[in-house]
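Visitor: Below is the structure I would like to discuss, written out as structure tokens.
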Amino acid sequence: MQKKFIFLLCIYSLGGFFALQAVIDPSPNVKKQEDYYKLEDFGKVKKFDVHIHINTSETHFIEQAVEDNFYFLDIVDDRPFGLPMRKQQEFALLHLKNFPRQMVFATTFPVSNWAEKDWVQNTMADLERSFAKGASAVKIWKNIGMDLRDENGAFVMVDHPRIDSVLTYLTRKGVPLLGHNGEPRDCWLPLEEMTFSQGYYSEHPEYHMYLHPEYPSYEDQITARDNMLQKHPELNFMGAHLGSLEWSLDELSKRLDAYPLMRVDLTRMPNLMLHTLKDRQKTRNFFMTYQDRLIYGTDSAINPTDNPGELKQRIHEKWLEEWKFYATDAPLNLKGFGELRGLKLPRKVIDKIYFENASELLGFKTGE
Ligand SMILES: [Zn+2]
């Protein structure tokens, strides 16, 4: 009897020992490989691009997204050029109807009627209609802060009391706000001091704020955005383009620490590559620290095309190249600056920035 008991005890202990071993050390090599994705895993991993502008009824882009295992957010915004926002929204609704599993969309509101005394009520009614049609988020654009003026000719900034009313409404509805507020810091610098934007601003002096000191400064834009977040601590917010703090991971970290519901999209790829080139460890630490707050996106504008093959190839190559930067440590070249190595973020961080954070912000599920 006693012998049998000891025998069983030995069996259990051995079993326990092996089970424990399996938890601690599932063969070090296997574990190591599993912690990181490879370039070839690109197609297998479920991904989300949080910053897409579809300006067409054509579906080539969406077909490529399906092929590359990408879901996406189509963003409607109030731009003074290109396709008007009503038309952008028509396309968004059309695609949502045909590809409801692949996408969500963000609506916006006009400010051309800002002077009307019931602007707030009209705006909320307008947004309510868009939510009823399936909008998942709201976008505000840089025209607030850089273009819109009040009845006295003063610039309307994003922390304006009338905007507050709309944001209180969004907070109550639980709808996230996406903000493109201000511009990259380059916009306020002379051409020779810019990091990446010389080409664009030399061709568009009208948007080059260094030449327009009567407009709000870069600091004015960032301060107004920060004030807005300060006033709406329960609003889910995603700052487009690294929250217009693309030039400094330290400045961006300060905001992410101060505003717990702030996220940013990663659509300033050259800046992220430059941070990595200068200090890879610091950049990697930034991604590890804020892994729940960073959301992958490309800011791709999808226009009608006569060459769908070229469009699909271009999108695929961009997605694959950026996957290489985040998931592997392959050598990459940043034009005009030099060589760097990819960040090779752990699998669980990749899963967050490439899918889970967007899914959580937008309440998006794939149905799997
Ligand atoms: Zn955009």
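Derivation of every value follows stated rules applied to the coordinates shown; laboratory data play no part. From a predicted model like this one, the values you see are computed outputs, not experimental measurements. So basically every Cβ, Gly included, is an ideal-geometry build from the backbone, and we count neighbours across all protein chains shown.
Visitor: Considering only segment 58-113, state which residues are within 22 Å of Leu177 (Cβ to Cβ), in contact (Cβ under 8 Å) with a residue 24 or more places away in the chain and of a type in the set (Lys, Arg).
Guide: Correct list: Arg79 only.
For every residue, the table says whether it meets (1) exposed (fewer than 15 other Cβ atoms within 10 Å of the Cβ); (2) assigned to a loop (DSSP other than H, G, I, E, B); (3) in contact (Cβ under 8 Å) with a residue 12 or more places away in the chain; (4) within 16 Å of the ligand (Cβ to nearest atom).
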| residue | (1), (2), (3), (4) |
| --- | --- |
| Glu183 | no, yes, yes, yes |
| Gly199 | yes, no, no, no |
| Glu206 | yes, no, no, no |
| Glu214 | yes, yes, no, no |
| Glu219 | yes, no, no, no |
| Ala224 | no, no, yes, no |
| Met228 | no, no, yes, no |
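Visitor: Separate question: What number of residues in segment 130-147 are part of a strand (DSSP E or B) and either touching a helix residue (DSSP H, G or I) at 6+ places or on another chain (Cβ under 8 Å) or surrounded by fewer than 20 Cβ atoms within 10 Å (Cβ to Cβ) (or both)?
Guide: The qualifying residues number 3.
Visitor: What residue, among those in segment 230-244 that are under 17 Å from the mean Cα position of the chain (by Cα) and not in a helix (DSSP H, G or I), is nearest to the ligand (Cβ to nearest atom)?
Guide: Ala240
Visitor: A further question on this structure: Count, please, the residues in segment 322-368 that happen to be among the polar types (S, T, N, Q), touching an Asp or Glu at 6+ places or on another chain (Cβ under 8 Å) and buried (at least 17 other Cβ atoms within 10 Å of the Cβ).
Guide: Going through segment 322-368 one residue at a time, the tally reaches 1.
Visitor: Would you call Ile144 in contact (Cβ under 8 Å) with a residue 40 or more places away in the chain, within 16 Å of the ligand (Cβ to nearest atom), within 23 Å of the chain's Cα centre (by Cα) and within 30 Å of Leu211 (Cβ to Cβ)?
Guide: No: the conditions fail for Ile144.
Visitor: In segment 41-70, which residues are crowded, with 24+ Cβ neighbours inside 10 Å, more than 16 Å from the ligand (Cβ to nearest atom) and outside any helix (DSSP H, G or I)?
Guide: Answer for segment 41-70, where residues must be crowded, with 24+ Cβ neighbours inside 10 Å, more than 16 Å from the ligand (Cβ to nearest atom) and outside any helix (DSSP H, G or I): just Phe70.
Visitor: Continuing with this model, one more query. Does Leu345 meet the test of being assigned to a loop (DSSP other than H, G, I, E, B), under 21 Å from Glu246 (Cα atoms) and among the aliphatic types (A, V, I, L, M)?
Guide: Working: assigned to a loop (DSSP other than H, G, I, E, B): yes; under 21 Å from Glu246 (Cα atoms): yes; among the aliphatic types (A, V, I, L, M): yes.
Yes: the conditions hold for Leu345.
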